[in-house]
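The values are calculated or read from the model by the stated rules, or taken from the named source; none is laboratory data. Predicted model only: the values in this text are computed from it and were never measured. Cβ atoms come from the backbone with ideal geometry, glycine included; neighbour counts cover every protein chain shown.
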Amino acid sequence: MPLVMKFGGSSVADAACMRQAAQLVEQALPHAPLVVLSAMGKTTDALFRGARAARDGRLDAARAELEQIGARHVDAARGLFDGAPPAELEQALRGRLEELERIFQGLALLAELSPRSMDAIAARGELLSTTLFAAYFRQRSADSEWFDARSVLRTDSAHGAAQPRMESVRALALERLAPRLAPGRALVTQGYIGADETGATTTLGRGGSDWSASLLGAALGAHEVQIWTDVEGVYTADPRLAPRAEPIAELSFAEAAELAAFGAKVLHPATIQPAVEANIPVTVRHTLRPAGRFTTIRGTSRGARSVTALATRGPVHVLTVTSSRMLAQAGFLARLFEVFGDEGVSVDLVATAEVSVSLTVEADAPLERLVARIAPFARCEVARERAIVALVGERLRETRGVAAAALAALTPFHVEMLSMGANEINLSVVVKAEQAHDALRALHARFFESA
Ligand code: ADP
Ligand code: ASP
Ligand code: MG
């Protein structure tokens, strides 16, 4: 059974990080590792900026982005090969960069950037990082191979946010990937990217390499999916927001999925699903501190706390819809949700009262259209720039007083909405976006920092 090792952008950000990642892969060679890499840190952002600049006719700005991307890869190649990278590698990197330059010229000429072109451009980040890493790894450890993820990661054609076609992924992975995996050799492939039925390059959405890793792990029946990143696992809250947050040793699939969906960037929100279906443990580990703490995510967890972790996501908008007649009037909610369904807008939190219902939608939801469609049958108020703060824990459902304690900790803030998830492991509040980080810290202090 193979092992999937995914290294995120910061874990392959320069030569030193790549060396460290390679060393970890080398140690794992007996487990037939499939190495899934992100683009080198900051590269995907630069590709997006460059493509948009080119489309807007600012070719100089676009070229400047390419130069930086080029310099990052060339510097790393020099660092990895003691100043003298093999000529084929330099040529391969240069070739990919020149191709990008031609694409950017095309964008400038057409003044157009379709989601399909954007995917073809964004994918170059992962194609570059894996080309470099595979060349380096081959030099260290003879038996290894670069593999194009697009030949197995079949998706639909929703460019920018493609959905995997799991049946095809499984069949293709068994046919094309599995025979190449064996103890003693490493296969190096890209996260984030795939291809649709016509062969067009697609991407799974920002941060999607985690998802690639678990999709491929599930397709291959891996014994573990390792997410190597820049923190020692999933913490009780984003350590950048709550400096006293601590890594959690064990999380259930449901807790991890909930935390990811409510803003814990350490995992892409869809990562857990394939792992759940195949019952494969996912571990989250620190690339530069491999002997440190880490998190294991599996079917059940033995955590003792009522609240396992906190997360926050925003901005979101809150819509409060008040029926001119009674809410209980048959069909009102059906009619209301039909509007969101028709507009393809997903609703996150819902709280109902006698004559009104409040719900949250993403900041990019088409508010004007939603309000116009609701207006004929109900009054709709919109509160913008709000954020969700979520408390997540398998034991929430069996612990009394969590909501009371949470609300007490949130006294300084105006809580506009409170919602207990139907799965009973998520208690969410909505506050003004500018207060979300302070609210999260107040909750963290209450639930995790008292001795
Ligand atoms: P990668 O490039 O490896 O995919 P990301 O930047 O996507 O890494 O994710 C790691 C980051 O996620 C951390 O640096 C941390 O700031 C953030 N993060 C958010 N919530 C959490 C959490 N609960 N636990 C750990 N890290 C978190
Ligand atoms: N490189 C992609 C991004 O930055 C995917 C990933 O890193 O997971 O979004
Ligand atoms: Mg990530």
Residues of the stretch 286-318 classified as part of a strand (DSSP E or B) and within 16 Å of ligand 3 (Cβ to nearest atom), total:
5
Return the only residue of 50, 57, 70 being over 18 Å from residue 188 (Cβ atoms), at pLDDT 95 or above, of a type outside the set (A, V, I, L, M) and outside any helix (DSSP H, G or I).
57
Kindly indicate whether any position in the stretch 211-234 is modelled with pLDDT under 95 and either within 20 Å of residue 387 (Cα to Cα) or assigned to a loop (DSSP other than H, G, I, E, B) (or both).
no
Out of all the residues in the stretch 323-346, is one or more part of a strand (DSSP E or B), farther than 28 Å from residue 258 by Cβ and of a type in the set (Ser, Thr, Tyr)?
yes
Exactly one of (1) within 16 Å of ligand 2 (Cβ to nearest atom); (2) in a helix (DSSP H, G or I) is unmet by residue 36. Its number?
(2)
Which condition from (1) within 14 Å of the chain's Cα centre (by Cα); (2) hydrophobic (A, V, I, L, M, F, W, C); (3) buried (at least 24 other Cβ atoms within 10 Å of the Cβ); (4) within 16 Å of ligand 2 (Cβ to nearest atom) is the one that residue 216 breaks?
(1)
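Per-residue answers, yes or no, for (1) away from ligand 3 (no atom under 12 Å from the Cβ); (2) not small (Gly, Ala, Ser):
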| position | (1), (2) |
| --- | --- |
| 203 | yes, yes |
| 208 | no, no |
| 214 | yes, no |
| 218 | yes, no |
| 232 | yes, yes |
| 242 | yes, no |
| 250 | yes, yes |
Can you confirm whether the stretch 250-264 contains a residue that is surrounded by fewer than 21 Cβ atoms within 10 Å (Cβ to Cβ), in a loop (DSSP other than H, G, I, E, B) and in contact with an Asp or Glu (Cβ under 7 Å, 6 or more places away or on another chain)?
no
Keeping to the stretch 21-39, report how many residues are more than 10 Å from ligand 1 (Cβ to nearest atom) and in contact with a helix residue (DSSP H, G or I) (Cβ under 8 Å, 6 or more places away or on another chain).
9
